[in-house]
Amino acid sequence: MEEREGEVRWDGLCSRDAAARDAALDTIGQAVLRRAESIASGAAADGLPVPTARDGLGEALARLLMLSKRCPFPDVREKSEAILSGVQELGIRIPRPLGHGPSRFIPEKETIQVGKEDATMHTLFAESFATLGRLDNVTLVMVFHPQYLESFLKTQHYLLQMDGPLPLHYRHYIGIMAAARHQCSYLVNLHVNDFLHVGGDPKWLNGLENAPQKLQNLGELNKMLAHRPWLITKEHIEQLLKTEENSWSLAELIHAVVLLTHYHSLASFTFGCGISPEIDCEGGHTFRPPSVSNYCICDITNGYHGVDEIHASPAGSIPVSSTESVCEVEALMEKMKQLQECRDEEEASQEEMATRFEREKRESMFVCSSEDEESAATRDVSRHFEDTSYGYKDFSRHGMHVPTFRVQDYSWEDHGYSLVNRLYPDVGQLLDEKFHIAYNLTYNTMAMHKDVDTSMLRRAIWNYIHCMFGIRYDDYDYGEINQLLDRSFKVYIKTVVCTPEKTTKRMYDSFWRQFEHSEKVHVNLLLVEARMQAELLYALRAITRYMT
């Protein structure tokens with residue numbers, strides 16, 4: 001539909017006014033059916049079978065399929081389905097979704113179904129659709145925790161669409177660069193579309209070397225932030241701010257740093273929760289008809305198998321008795337109780353606390369999955385960044401020692417927050433709210449137990465992540481981490497935070513086996529925010545040192 005692109009305007013569907021949406025759908029329907037009729041009649045005139053949709057029609061039909069399944073407005077869902085039926089009646093094959101629901105790890109029946117959400121969730125869905133033009137799978141998984149989702153969407157909207165130091169196309173390109181560091185094709189695909197939608201130059205998408213030098217210069221900071229943030233120094237900041245005609249302003253750099261850390265951590269969430277491709281993106285739909293067994297060979301090669309096979313049991317391929325899982329929950333609650341009693345009775349000395357931190361930091365380096373193997377960056381994603389071999393490395397590899405980052409010397413609350421707010425107004429406040437919501441979020445439940453104080457467990461998860469980054473809280477007893485987080489949980493945390501592209505369903509299934517999926521998503525929110533704050537602390541400290 002390239003030559004008719006002007007006729008197909010999707011923007012009107014984001015309107016909150018039903019009449020405006022109706023008018024937009026009429027226009028879309030007419031353009032799509034006109035194109036379909038010309039393809040069908042051309043095939044008939046030549047005596048050929050009607051081909052699968054082509055010439056841009058396929059993209060429009062995939063978009064309509066997504067709207068029929070994922071739009072929060074029922075009028076749009078129904079009319080999109082009617083347009084697809086009209087195309088099908090002309091003998092043109094229409095697409096069908098691949099996969100089952102927004103997550104490969106969570107059975108679709110346990111996620112929130114679009115059209116069956118409550119009033120609070122509907123408001124969030126409508127807000128998301130109105131601002132993004134889609135209701136994406138990340139949103140459909142995050143909505144397990146509406147309070148957090150609201151803060152997340154508000155922050156992301158501000159970073160991408162509101163007034164700020166960077167032009168809109170730069171923002172999406174930086175999102176692509178950041179997501180590509182973890183080979184996150186899900187986020188790369190979304191932002192390639194957004195980048196083009198706001199007028200970005202398609203040539204930049206052929207590789208980072210085709211983007212302006214100013215963005216290329218950001219590549220080094222991107223890779224260090226994503227994989228080894230403890231190496232960032234004020235010299236790296238100085239290079240970006242003082243490179244003649246391609247220099248960054250301080251405000252632009254803060255905006256870029258927040259975007260990079262946002263998308264590195266969102267890549268962690270995407271892999272950690274097994275987010276499926278969007279219906280209208282590559283891997284989210286197929287034009288092939290379903291086979292008798294309910295899936296065809298093309299689905300298998302794309303990694304989609306029968307729903308029963310994927311979700312056969314809550315623990316996937318790790319059979320475990322319910323008694324064993326219940327014992328796991330009881331044992332964890334008992335440990336929390338004992339630790340609380342020990343806290344009340346005695347307090348370790350500062351020397352002992354420092355020793356426990358160093359021990360935990362050292363031990364975290366040896367936590368790795370048996371499935372840990374080098375995965376090569378796929379070409380379509382790796383072209384968006386340089387130095388594909390550069391990845392996460394533990395502090396002590398090759399005898400390298402990194403000094404401990406003491407939160408008492410530089411913290412988000414006392415230093416980072418005010419620096420961000422000064423150079424990029426309101427963003428410090430938005431990030432601070434999001435950090436606090438994630439850290440303090442609780443429903444006072446653990447699996448089947450109610451009225452449980454989970455603050456000790458949440459703090460252990462947060463501090464363990466910061467410990468992996470060398471960040472130490474003087475007032476925390478790191479001995480608690482080994483008591484509360486077992487090996488399979490530590491493997492999952494470290495993988496999702498440091499090498500998210502290596503996360504597997506088996507890892508997701510193997511920790512907290514008796515817990516609800518919403519609780520595992522909650523863990524991912526903690527991982528996302530703790531990781532983002534850790535990256536920000538290193539970058540902002542380097543910027544502060546440059547400024548002083």
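Just to be sure I understand, how many residues within the range 336-347 are open to solvent by 80 Å² or more (accessible area, probe 1.4 Å) and at pLDDT 80 or above?
So the count comes out to 2.
Looking at the range 415-431, can you tell me whether even one residue there is under 26 Å from Glu330 (Cβ atoms) and surrounded by fewer than 20 Cβ atoms within 10 Å (Cβ to Cβ)?
no
Name the pairs whose Cβ atoms lie under 6 Å apart, with the first residue in the range 478-501 and assigned by the TED database to the domain that holds Arg458 and of a type in the set (S, T, N, Q), the second open to solvent by less than 10 Å² (accessible area, probe 1.4 Å) and not in a helix (DSSP H, G or I), and 6 or more positions between them or separate chains?
So the pair list comes out as Ser488/Phe511.
What number of residues within the range 455-487 are surrounded by fewer than 18 Cβ atoms within 10 Å (Cβ to Cβ) and touching a strand residue (DSSP E or B) at 6+ places or on another chain (Cβ under 8 Å)?
Of the residues in the range 455-487, 1 are surrounded by fewer than 18 Cβ atoms within 10 Å (Cβ to Cβ) and touching a strand residue (DSSP E or B) at 6+ places or on another chain (Cβ under 8 Å).
Taking Glu529, is it surrounded by 23 or more Cβ atoms within 10 Å (Cβ to Cβ) and acidic (Asp, Glu)?
The answer is yes for Glu529.
From the residues in the range 100-110 that are open to solvent by 40 Å² or more (accessible area, probe 1.4 Å) and in contact (Cβ under 8 Å) with a residue 24 or more places away in the chain, which one is nearest to the chain's Cα centre (by Cα)?
Arg104
Can Val192 be described as part of a helix (DSSP H, G or I) and closer than 26 Å to His522 by Cβ?
no
Just name the residue that is least open to solvent (accessible area, probe 1.4 Å) out of those in the range 223-239 that are under 18 Å from Ser249 (Cβ atoms) and not charged (D, E, K, R).
Ile237
Looking at (1) open to solvent by 40 Å² or more (accessible area, probe 1.4 Å); (2) touching a helix residue (DSSP H, G or I) at 6+ places or on another chain (Cβ under 8 Å); (3) part of a helix (DSSP H, G or I), which is the only condition Arg513 fails?
(3)
Scan the range 161-179 residue by residue and report those that are of a type in the set (A, V, I, L, M, F, W, C) and either at pLDDT below 95 or open to solvent by 10 Å² or more (accessible area, probe 1.4 Å) (or both).
Met162, Leu168
On the basis of being assigned to a loop (DSSP other than H, G, I, E, B) and farther than 19 Å from Lys520 by Cα, does His182 make the cut?
Taking the combined requirement at face value, the residue satisfies it.
Name the residues in the range 121-135 that are closer than 18 Å to His191 by Cβ and open to solvent by 10 Å² or more (accessible area, probe 1.4 Å), would you?
The answer is Thr131, Leu132, Gly133, Arg134.
Just give me the residues in the range 56-97 being open to solvent by 20 Å² or more (accessible area, probe 1.4 Å) and touching a Phe, Trp or Tyr at 6+ places or on another chain (Cβ under 9 Å), in sequence order.
Of everything in the range 56-97, those that are open to solvent by 20 Å² or more (accessible area, probe 1.4 Å) and touching a Phe, Trp or Tyr at 6+ places or on another chain (Cβ under 9 Å) turn out to be Arg63, Arg70, Arg93, Ile94, Arg96.
Of the residues Gln113, Gln156, only one is open to solvent by 10 Å² or more (accessible area, probe 1.4 Å) and over 30 Å from Lys214 (Cα atoms); which?
That would be Gln113, the only listed residue that is open to solvent by 10 Å² or more (accessible area, probe 1.4 Å) and over 30 Å from Lys214 (Cα atoms).
How about the range 206-269: which helices (runs of 4 or more DSSP H) wholly inside it have at least 2 residues that are under 30 Å from Lys520 (Cα atoms) and touching a residue at least 12 places away in the same chain (Cβ under 8 Å)?
The qualifying helices (runs of 4 or more DSSP H) are 219-227.
Determine if the range 48-71 includes at least one residue that is part of a loop (DSSP other than H, G, I, E, B), among the charged types (D, E, K, R) and modelled with pLDDT under 90.
Yes, the range 48-71 contains at least one residue that is part of a loop (DSSP other than H, G, I, E, B), among the charged types (D, E, K, R) and modelled with pLDDT under 90.
The values are calculated or read from the model by the stated rules, or taken from the named source; none is laboratory data. Model, not experiment: these values are computed from the prediction. Note: ideal-geometry Cβ built from the backbone for every residue, glycine included; neighbour counts use all protein chains shown. Each accessible area value is taken on the protein alone, full model and side chains, heavy atoms only, with ligands, DNA and RNA left out. Shrake-Rupley method; radii C 1.70, N 1.55, O 1.52, S 1.80 Å.
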